[in-house]
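The values are calculated or read from the model by the stated rules, or taken from the named source; none is laboratory data. Keep in mind it's a predicted model, so treat the numbers as computed, not measured. All Cβ positions, even for glycine, are placed from backbone atoms using ideal geometry, and neighbour counts span all protein chains on display. Areas reflect the complete protein model, heavy atoms only, side chains present, ligands, DNA and RNA absent. Shrake-Rupley method; radii C 1.70, N 1.55, O 1.52, S 1.80 Å.
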Amino acid sequence: MNRQFATLVGISALLLWSTLVALLRISTQKFGPIFTVTYVYTLSAIILYLSYGLPDFKKISKKFLFISSLLFVIFELCFAFSITLSNSSEKSIEMNIIFSIWPTLIILMMTFLKEEKVNFLTIIGILVSFSGIVLINYHKNLNFVDNFHKSPVSYVLIFIASILWAIYCIYTKKHSNGTNAISLYFILTAIALWILTLSTQGFHLPTVESFMSYTVIGINAVFFAMGYLAWNTGIIKGNMPVLIMLSYFSPILSSGFSTIVLHSSLSSNFWYGALTVTFGSLICWLSIRKNHSIKELKLAS
C-alpha cells in the first residue's frame, strides 16, 4: 500500500466517524442510552477482535496496558454517554463540538510537561478555541451557565472525555512502543458496559420490533470499528501531518451530517462557535509545527 492510498484510507476514517453522533442519537430513541452504547461497543469489539486479534501480552508492559486500558475505557464511557444522555439532538451535536477541544488540551498538557514551548501563536490558538466553546453555548436569553444547568451530566462527561482523550494520546505515544491494543480496549469497554447494564437494568432487554433499528445499531458498530481500522492504517502508512490537520475539520462535518439526519435546527452562534473552535485548534497545530521546523533548522545548521 503506497503512502497516498494509505492517506486516503485515513481520510475515510474521518468520514465514518462523522456519522457517529447522528447514529447514536437515532438508536438512543429506540433502545435508550445504556443499551445503545452497550450494543454498539460490543459489536465493535467483535469486529476489531476479528480484524486485529489480541496484542502479544509478552511484549507489552503490564503497567502500560493497565493505565492505557483504564484511560480508554473511562474515556469511551464518558464520551458515549455524554452524547446519548443529552436532552436533545442539538445538545448532542454541541457535545461533539466541545469534545473537539482535545487537540488544544494536548498542547496545554505538553506545555505543562515542558515537552512543547508556548509561543504567541499558541496562546492565541488556545484563547480562540475556548472562545468558540462560549459561542456555541450562547443563545438568546441563555448563557453557558444556564446551558450547563439544563444538561449538567452531559457537560461534565464531555469535559472529562476531552481531558482523558488528551492524556491517553500523550501517554500511549510515549509508552506504547508501537503496540496497537485497540481490540483489547474495546473488549474491556464492552465488558464494563455489560456490567453497568446488567447492574442497573437487570436481565431485561428492550423490546424493539423494528428490524431497521437493529440495522442502525449494526451500521453504527461497523462504521465505528472500521473508522479505527482505517485511521490506524492512515497514521502508520500515510501522511500523518495531513491527517491530523484534516481531523480538525471532522467536527464540522459531523455536525453537518447530524443536522441533516436528525433534522436539527442549530443557531448561527453554533456554527460560528464550531468554526472558531476548529480555527483555534488549527492555530495551535501551526504553532507546534512552527516550533518543530525551527528545531529542525537549528539541528541542520
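Mind checking which of A230, L43, G32 is farthest towards the positive end of the chain's charge dipole, using Cβ charges of +1 (Lys, Arg) and -1 (Asp, Glu) about the Cα centre?
Going by the charge dipole, the pick is A230.
Which of the pairs K30/K150; K59/K174; K59/K173; K117/K237 have their Cα atoms more than 26 Å apart in this structure?
Too far apart for the 26 Å limit: K117/K237.
Using Cα-Cα distances under 8 Å and only pairs 6 or more residues apart, what relative contact order does the chain have, in percent?
Averaging sequence separation for qualifying contacts and normalising by length gives 45 percent for the chain.
Loop by DSSP (not H, G, I, E, B), at most 16 other beta-carbon atoms within 10 Å: where is the longest site-free stretch of the chain for GluC sites (Glu not before Pro)?
With a cap of 16 other Cβ atoms within 10 Å, the longest stretch comes to 1-114.
Over the heavy atoms of W194, what accessible area does a 1.4 Å probe trace out, to the nearest 10 Å²?
80
Looking only at I60, I182, I219, which one moves most when the chain is put into a Gaussian network model with springs between Cα atoms under 10 Å?
Ranking I60, I182, I219 by mean-square fluctuation puts I60 first.
Based on the mean of other Cβ atoms within 10 Å per residue, sort peptides 30-38, 195-203 so the most packed one is first.
30-38, 195-203
Based solely on its DSSP helices, what 222 nm [θ] is calculated for the chain when runs of n ≥ 4 H residues each add -39,500 (n - 2.57) and the sum is averaged over all residues, nearest 500 deg cm²/dmol?
It comes out at -27000 deg cm²/dmol, rounded to the nearest 500.
Carbon and sulfur: what percent of the chain's accessible surface (1.4 Å probe)?
For the chain, the apolar C and S fraction of the accessible surface comes to 70 percent.
In a Gaussian network model over the chain where Cα atoms closer than 10 Å are linked, find which of V277, V153, V40 has the largest mean-square fluctuation.
Among V277, V153, V40, the largest mean-square fluctuation in the Gaussian network model of the chain belongs to V153.
Filter the chain for me: DSSP H helices, axial length by Cα at least 20 angstrom, mean Kyte-Doolittle hydropathy not below -1.0. List them by residue number.
Result, helices passing both filters: 3-17, 33-52, 62-84, 120-136, 152-175, 182-201, 211-237, 268-300.
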